[in-house]
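Some notes on the structure that comes next.
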Amino acid sequence: MDRFLAYDQQLARYNPLARVVTFDDFDRGFNGWLDLTANYVYEGYESFPSAVDLNHWAPIQLSSAAMRFAASHGSMEGTYSLKLTTAPTGGPHTEPPAPGAMGMAIKRLSRFGDPSLIQIETWYAYTPEQDREGLGETDIRAFGFFFDVQDDEYRYMPGVRYVNSLGGQLVKRWQYYQVSPGVTRSDWNFGVEDGWCVPGVDNQWYGRRFEDGSADGFQWVPDGRQDLLYNESPDKLNWIYLRLTVDVKKREYVELQSMDRVFDLRGISPTLVPGYKGIDNLINPVFFVETDTDRSVHLFLDSVVYSTE
């Protein structure tokens, strides 16, 4: 007898690989996504010594995207999206991330089915808080996505970051996660000699940042400048498609798709580090957003599809 599998019709707007592991429509709740927090395992439930304050990231929430003038915007299809937000605490982009200046969401998963390829897809929108006059586009520093992967030998973090604006100047260029040659552990931890993180882990927090937007942990995607659909007011959301595919057998990027552009990243590897104790077979997807000024900014995820092959 033949077997048939019916998919939610919303998958028609995605291009998943052969096996859909999770399809997270946030009209149905958080679906296992939660805040990315530090490891509170030291005396007094403190985390490890760090030049970056890991304790004050704004919490994620289910949101109908309420706006000052547009009432509830809703999501791309339905009412609720997953909202990542920041505190109004952006500092200079050449310094470590300021307390609360980022918002992050993680889904804690393990490897399933021994895949060769893994892929994340989402429809998202971004905007600043509508708390003042003006367009607000330059208040959004960056947003992005990465996988936290550990196999039987290495831990590595393939990911992408869209640098939107730095110091009031629009940049609009994509970066990928890879550590520059010669970066030391002290460089990575902003001078903390016994810093817990090694180069290649938690690029969103660590590694020196430079005036032109380059950084120890990020490299520019070739021909990676792209104008995204921001719109003409902070209360107008436009939903944008994003897809990142990674080859976990080769430990290499495959491609990034942003709207209708596809960036071929084959042959490029994220930085490999020796595996950490206790997290074998890890595959965690993570989204983040960063503010560039004293203004809260938001990243809305309508839904997320994680698939493998």
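Note on Ser214 and Trp196: the model spin-label points, each 7 Å out from Cα along the C-beta direction, lie 3.1 nm apart.
Note that region 116-127 has calculated 3J(HN,Hα) couplings of 8, 10, 10, 8, 10, 9, 7, 10, 9, 9, 9, 6 Hz, one per residue in order, obtained from phi through the Karplus relation 6.51 cos²θ - 1.76 cosθ + 1.60 (θ = phi - 60°); glycine and proline are x. With Cα atoms defining each centre, region 244-288 and region 122-146 are spaced 25 Å apart in the structure. In this structure the amide hydrogen of Thr271, modeled in the peptide plane, comes within under 5 Å of the amide hydrogens of Met157, Val179, none closer than 5 places in sequence on its chain. With 10 Å bins beginning at zero, the pair-distance distribution over Cα atoms of the chain amounts to 6, 28, 37, 23, 6, 1, 0 %. Peptide packing: for 64-71, 268-275, 292-299, the average count of neighbouring Cβ atoms within 10 Å per residue gives the ranking 292-299, 268-275, 64-71, highest mean first. Dipole check for region 140-290: with +1 at the C-beta of Lys and Arg, -1 at the C-beta of Asp and Glu, and the Cα centre as origin, the magnitude is about 200 Debye.
Under a 5 Å amide H cut-off, with hydrogens placed 1.01 Å from N, His298 pairs with Thr127, Glu129 among residues at least 5 apart or on other chains.
When shorter helices are ignored and each DSSP H run of at least 4 residues is given -39500 (n - 2.57), the per-residue value for the chain at 222 nm works out to 0 deg cm²/dmol. Could you compute the FRET efficiency for Ser110 and Glu133, with r as their C-beta to C-beta distance and R0 at 45 Å, rounded to 0.05? Once the sixth-power term is evaluated, E becomes 0.40. Legend: calculated FRET efficiency, Arg185 to Ala70, from the Cβ-Cβ distance at R0 = 45 Å, rounded to 0.05, equals 0.45. Along each principal axis, taking the top coordinate minus the bottom one, the Cα set of region 191-248 gives 46, 31, 22 Å in descending order. Modelled spin-label separation between Arg13 and Glu43, with each label point placed 7 Å from Cα along the Cα-to-Cβ direction: 5.3 nm. Between Asp223 and Lys277, what is the FRET efficiency for a Förster distance of 45 Å, r being their Cβ-Cβ separation, to the nearest 0.05? About 0.65, to the nearest 0.05. Packing-based ranking of 49-61, 242-254, 77-89 yields 77-89, 242-254, 49-61, ordered from highest to lowest mean Cβ neighbour count within 10 Å. With Cα atoms defining each centre, region 75-96 and region 161-175 are spaced 15 Å apart in the structure. Summarising the label geometry, the points placed 7 Å from Cα in the beta-carbon direction at Lys236 and Gln257 lie 2.7 nm from one another. The string of couplings for region 131-137 from the Karplus curve (6.51, -1.76, 1.60, θ = phi - 60°) is 10, 7, 6, x, 6, x, 5 Hz, one whole number per residue in order, with x for Gly and Pro. Mean-square fluctuations from a GNM of the chain, with a 10 angstrom spring cutoff on Cα atoms, peak among Asn15, Asn203, Asn164 at Asn15.
Amide H to amide H, with H built 1.01 Å from N, Asn238 comes under 5 Å of Tyr126, counting only residues 5 or more places away or on other chains.
Each reported figure results from applying straightforward, stated rules to the coordinates on display, with no laboratory input. Owing to the predicted nature of the structure, the values given are computational and were not obtained by experimental measurement. We place every Cβ from the backbone using ideal geometry, glycine too, and count neighbours over all the protein chains shown.
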